[in-house]
Each structure stands twice: as C-alpha cells, then as structure tokens.
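The values are calculated or read from the model by the stated rules, or taken from the named source; none is laboratory data. Here the structure is a predicted model, which means the values were calculated and not measured. Cβ placement follows ideal geometry from the backbone for every residue including glycine, while neighbour counts extend to all protein chains displayed.
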Amino acid sequence: MSNQNQAVALTEGITANVFHEILEFAIEGKGKLPGAKHAAKQLLVQRNDVESAISRMVTTHIAMASGQGFATNWGGFLVSIVTIPANLAAASFLQARLVSGIAHLRGYELSDPRVRTAILMVMLGPGGNAELVSRGVLPSSPLVVATAPVFDARLDLQVSKALLDRALNQVTGKRFGVWIGKRIPFVGGGVGAAVDGWSTRSIALHALSEFPSRRPKLARGTVETTD
C-alpha cells in the first residue's frame, strides 16, 4: 500500500475488515433492506428463470449505484471530502450484494467462507484479479477459490487488504474527479455516478464469468426457491 493510501486509511479510519462487515450486511440484510439471498429469491419467484432474475438484479444494482453516486457527490469538492467514505461504503455494499445474489442464484452457498472470499475477489474486478495473480499475490481465479478443498484464512486476509488498497485509490481518484467537475456546473455529481455505475457493471460481468451455474436444470415453469 502506498504512503498516500496509508495516510488516507488512518485519517478515514478505514481497515481491511470493513469489507467483511459490508459483505455480511450485503448477504444478510438489515431492517427493511433485504439481503442478497432474500432479494435473489424474490426475483426468482417473479421471473421464474434464474438467468432472467440475474439480469434484473444486475440492471437494478447498476441503476442504484449510479444514483447514489450522483446524490452523494453532487455539490462539489468540499462536500465530497466528507461524504466520500460513506459513498464508498454504499457502492461496496451494492457491489457485494449484487455479486452475492449472482453467486446464490448460480447455486453457491453464501455461508461458505470460501465462497465469501471468492465474492471479495470478484469485487476487485477482472483487472485487479489478473494483476494480483500475475504478481503471485493471489493463487488463482475466484472460481478456483470458491471450490477449493479448504478455506484459506491467509488468502482471505490478502484479498481484504487488496480491496482496501483499491478502495483508497478510488477515494483519492474520486476527490480529484469531483474537484475537476466542480469547475463545470452539474458535472461533479456526474463524475461519481459514472464511476460507480461503470465499476458495478464491470464487477457484475466478472461475477457472471467467475460463478458458472452449479444448479441442476429445471423443467420449464419450475422455480427452485430453497434457502
């Protein structure tokens, strides 16, 4: 992690464990906000088809990520300095919820720590994963980790640290982008919306690639709604 990112982490009070907390929240939900498993199950009942349910989940989460990015960032540079951590947590939550929902619909057990590590790996994005694998930081793809014989706690920690570094890069990058946008009326919020929406779409496509279906094919008109 760069010295700049270490300084930001210290200032903002962000630790690598925050992503485990976000993932738990994204899977289990809280209050009126349902978790990924519940949301995925409801979509499956409505759509009567796994891939159709996934498609709808992807579309709605990209829209939500873009919307909250715009709402958080609109107002310019000074406000964004204060709200970026909250925005970052919200975007991470939506991405964790989306990837978890895809994994669940494709037949992966969300309580399995190996699957949770794989979900966090997917949240790094395809480029982030490829780079870390090439450098030997990560051993292989999220799919291999999700289906590994045993859970690797050390690997899980490495993934969390990599996510933290990525998140801090986004913090500093968004601040600069919104600062530039501040010079053009109504552009500042658009910068955040574009970043969050594009990032969520990229991660969704990565999840679709890394979590091939493990569910048996069902007869047309049959809906599997087991927890």
Any chance Gly31 is modelled with pLDDT under 75 and either among the aliphatic types (A, V, I, L, M) or over 19 Å from Leu168 (Cβ atoms) (or both): yes
When residues of the range 112-129 are limited to those that are among the aliphatic types (A, V, I, L, M) and in a loop (DSSP other than H, G, I, E, B), the one surrounded by the fewest Cβ atoms within 10 Å (Cβ to Cβ): Leu124
Condition check for Arg135: among the basic types (Lys, Arg) and surrounded by fewer than 21 Cβ atoms within 10 Å (Cβ to Cβ): yes
Qualifying position, being out of contact with any strand residue (DSSP E or B) (no Cβ under 7 Å at 6 or more places or on another chain) and within 22 Å of Lys41 (Cα to Cα), among Val133, Val137, Val159, Val122: Val122
Gln46 being in contact with a Pro (Cβ under 8 Å, 6 or more places away or on another chain) and at pLDDT 90 or above: no
